[in-house]
1. Exactly one condition in (1) surrounded by 23 or more Cβ atoms within 10 Å (Cβ to Cβ); (2) away from chain B (no Cβ under 13 Å); (3) more than 15 Å from the chain's Cα centre (by Cα) is not met by A:G188; state its number.
2. For the subset of the stretch A:60-78 comprising residues that are aliphatic (A, V, I, L, M), surrounded by fewer than 20 Cβ atoms within 10 Å (Cβ to Cβ) and out of contact with any Gly (no Cβ under 8 Å at 6 or more places or on another chain), which member is farthest from A:A43 (Cα to Cα)?
3. For the stretch B:586-618, which residues satisfy the criterion of being open to solvent by less than 50 Å² (accessible area, probe 1.4 Å) and either at pLDDT 85 or above or within 21 Å of B:D303 (Cβ to Cβ) (or both)?
4. Is there a residue in the stretch A:150-160 that is within 14 Å of chain B (Cβ to nearest Cβ), in contact with a helix residue (DSSP H, G or I) (Cβ under 8 Å, 6 or more places away or on another chain) and open to solvent by 30 Å² or more (accessible area, probe 1.4 Å)?
5. Could you please let me know if B:A39 is farther than 20 Å from B:L201 by Cβ and modelled with pLDDT of 85 or more?
6. Could you list all residues from the stretch B:278-320 that are among the acidic types (D, E) and open to solvent by 10 Å² or more (accessible area, probe 1.4 Å)?
7. Answer yes or no: is there a residue in the stretch B:196-215 that is under 25 Å from the mean Cα position of the chain (by Cα) and open to solvent by 10 Å² or more (accessible area, probe 1.4 Å).
8. Is it the case that B:D27 is in contact with a Pro (Cβ under 8 Å, 6 or more places away or on another chain) and open to solvent by 10 Å² or more (accessible area, probe 1.4 Å)?
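The values are calculated or read from the model by the stated rules, or taken from the named source; none is laboratory data. From a predicted model like this one, the values you see are computed outputs, not experimental measurements. Cβ placement follows ideal geometry from the backbone for every residue including glycine, while neighbour counts extend to all protein chains displayed. Side chains included, ligands, DNA and RNA excluded: accessible areas come from the protein's heavy atoms. Shrake-Rupley method; radii C 1.70, N 1.55, O 1.52, S 1.80 Å.
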Amino acid sequence: MTDTAALSSLSVQLLYLSCGAFLLAAVVVLWRRQLAAIVRVFALQGVALAGIVAVLAVEQRSLELALLAVGVLALRAIGLPWLVRRAMPAAGPARETSPLVNVAASLLAAAVLTLLAYAVAQPLITLSPSPVTRAVPVGLTVVLVGFFVLITRRRAVSQVIGFLLIDNGITAAAFLTTAEVPLIVELGVSLDVLFAVLVLQVLTTRMQAAFGDTDLDDLTELRDT
Amino acid sequence: MNPAAVGLGLSLGAAAVASVTALVCPDRVRPLLVGLLAAVSGAAGVVAGVAGMAGHRLAVTLPDLLPLFGIRLVLDPLGGLFMAAVGGVAVAAAVFGIGYTSPQGRGGSGLHRRAFQVVYPLFVAAMLLVPAAASIGTFLVCWELMAVTSLLLVLAEHRRRPAVAQAGLWYAVMTHLGMVAILVGLVLFAAHAPGGSFAALRDAAGELSPLVRGVVFVATLIGFASKSGVVPLHVWLPRAHPEAPSHVSALMSAAMVNLGVYGIVRVGFDLLGVGSRWWWVLVLTLGAVSAVYGILQAAMSTDLKRLLGYSTTENMGLVLVGVGAAGMFAAAGNQVLAGLAMAAALLHVVNHAAFKTLLFLSAGSVLHATGTRDLDELGGLRARMPATTLLFGLGALAASALPLGAAFVSEWLLLQGLIHGVAAGGVAFAVTMPVAVAAVALTAGLAVASFVKAFGVGFLARPRSAAAENATESGPTMIGAMGLAGAACVALALAPTVLVPALAPVVGAAGPLLDSPAAQGALTLRLVAVAGSLSPLLLAAALLVAALAVVLLLRFVADRRTRRQARLWDCGAGPLSARMEYTATSFAEPLQRVFDDVLAPELDVDVTHVQESRYLVDSVEYRARVPDRIERRLYQPVLRLVDAWGQAGRGLANGSVHRYLGYGFYTLVGLLVLLAVTR
């Protein structure tokens, strides 16, 4: 576990800044309706996540973490947004026209989820209080917000972004709670996410071809009656 | 060098090679190669099993092969007997399969395909491994492998007949419920024994409370009894065994069901050390009910393979009567009678394996030649399929507990045990033993009726359909395999004096409370401590002499009178046709009337009147069906309940992805709130 004394105040500031940006990006995803903007915000969130890892790497003087930071940046700020964007032109209307829960209510819900995450994460923080572990609720919040995006947004692209938000949140929580995520684990998780996005991209294209739309509620007709 | 180790190694190796061969070699030669290798595997299994019975102990521990618990194999005489029985059945079934699954065969069954042939040797190997497994992990893995491979084999012909899929569903559900019961019992047991090896379980059994021991026994009994097709858990058996390809039916009905008995004996006698008397009263009751109910349904059945399937339930019932009686005697401290009853049960397992293999293979030969299993559409096969007819007749004789049949010896031994047990002391014996004797006797009588029906209606008289009329005899491998099983039946029937003394170490391995049952004699089987002896060989000789004498006498008398050729008497109604014959339904009708209250047959008579006058009848339609009453009363309500539950659940699933995700989200948030509030 990271020692409190070892963190300089500048590092702590930088870490909290990254975490703040990370959380803010998730909330902005809820706020924006333009799909292209959502993907851009998601890419920025990837940068923030890479920033968190980079700060930790500098603090712990760990080459492995630095490599991971670069990897996170490459995958989550560049690779995945690129893949999602590639699926977009084919994916019909470029706007999230009518989410199941409107934007204002979504933002309120995000606030409630944040409070819940802070309340739930308290025992984790008391296990070993340090500036780093105090940021853990941010990861948890992003997981919950991602889940919320999944259940309220209609477009396939928003669904993919929701799924990726969950994964970003999990990754952030992992980096913040453990001193070091083993490289092999992070690689494995990243590969999984990459494959999931590829599959979702194919599905989105197929949906577009089959229904002329990517509204997931069109899939209702597929159930057996 | 230990022959048990060589045999088991060779057996598993051959099965593995067979499976790989099936994967790579072309369609034309696949059935031949797989059949030969599977037969080698079975034969090596017989060698290993017999070596195990002869006292060559084998213990193999491979701690790294499976994560967490590793593989642990121990072959003792008890496991050896069951391994030898499985191996023997596997040899005959594998040789039969060469001809039966050949792509050149008539109808093109599609059984030569890769998927079927790859799984077949694995099924044999799994069954050979079950009696050798010596830890809970190993046992459950082998057991499940056996269940899954047999399920795949049952489903082999699902494209040709829709009934196969339904049978597979029943089998899959029942076998996995049974697996769950076994798992619960053994895991509860293992909680008190570190490591979960059978040796550790044996040591820990003494320290368990009677309640835990009882729960362990009943849970495992449920699982093993469902595998053996014991009433009321038998419903899958008369569906799955007939729908499987015939040589797989033989493997399942003659070999796999035995392993259920093995499980009961292993857990009840060996691991739990006999325990309380009520366990064994329960086993005996289940056995007696299964025997009578099974053979009654068999007597009513018009489907040849279904009849054989119900007969399996009957025979497993008889075996359980023996096992239950042995347990009661052992719990009461009567070692001699316990040993006698156990030996009778084990001998019946072996006999049943032999004659059920023969019968299912012959039924397969008939099915292969005619394409039907319906006895009402068969008949007249004697002239066209003489070898199959002869061998089926032999199997029917062996199954019907008449002198010169294999089952006669074991049922005689069983009756000896039960009759002498009446005086073994206590009210429990005085009540249960006579009832059990009556059940066994009734079963024996009904078995004769069933097999007379199967043989007489199916093979004799005139053909009732074009398929039966155009039947041709099966190929040499199929006849050869049936001949092999037939030879085993004859050997078991005439020379039990060889096998019964060899059962002594097997019975001994089942527990210290059982004694060796029989003294050997060259010709006569003499029982120890209770009066009783039997010599099937002398009996056979006497019967042969008597039959010869009668034939000679008739010749002598008949030669004195002039012979004349004449038509069979037909009441003057013109030549006899196939429609005047007894069918399977009409043959069983008197029995159906006698057991009306038990069977509750469904009769449906529709009378259509002539339009002009209702006093004149235009046509009468008569339908009779004998449904499985236990299935109807016990299973249908449960199935309806599950169905209603499923319908109610359907309201939750409206097809909206958001709703499904929402269920997960709200549950998660709810749990987190609960956590945050209650912490």
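1. (1)
2. A:L63
3. Selection gives B:S586, B:A588, B:L591, B:Q592, B:F595, B:L599, B:A600, B:P601, B:V610.
4. yes
5. In short, yes.
6. Once the filter is applied, which keeps residues that are among the acidic types (D, E) and open to solvent by 10 Å² or more (accessible area, probe 1.4 Å), the stretch B:278-320 yields only B:D303.
7. No: zero hits.
8. Values: in contact with a Pro (Cβ under 8 Å, 6 or more places away or on another chain): yes; open to solvent by 10 Å² or more (accessible area, probe 1.4 Å): yes.
Considered against the rule, which asks whether it is in contact with a Pro (Cβ under 8 Å, 6 or more places away or on another chain) and open to solvent by 10 Å² or more (accessible area, probe 1.4 Å), B:D27 comes out as yes.
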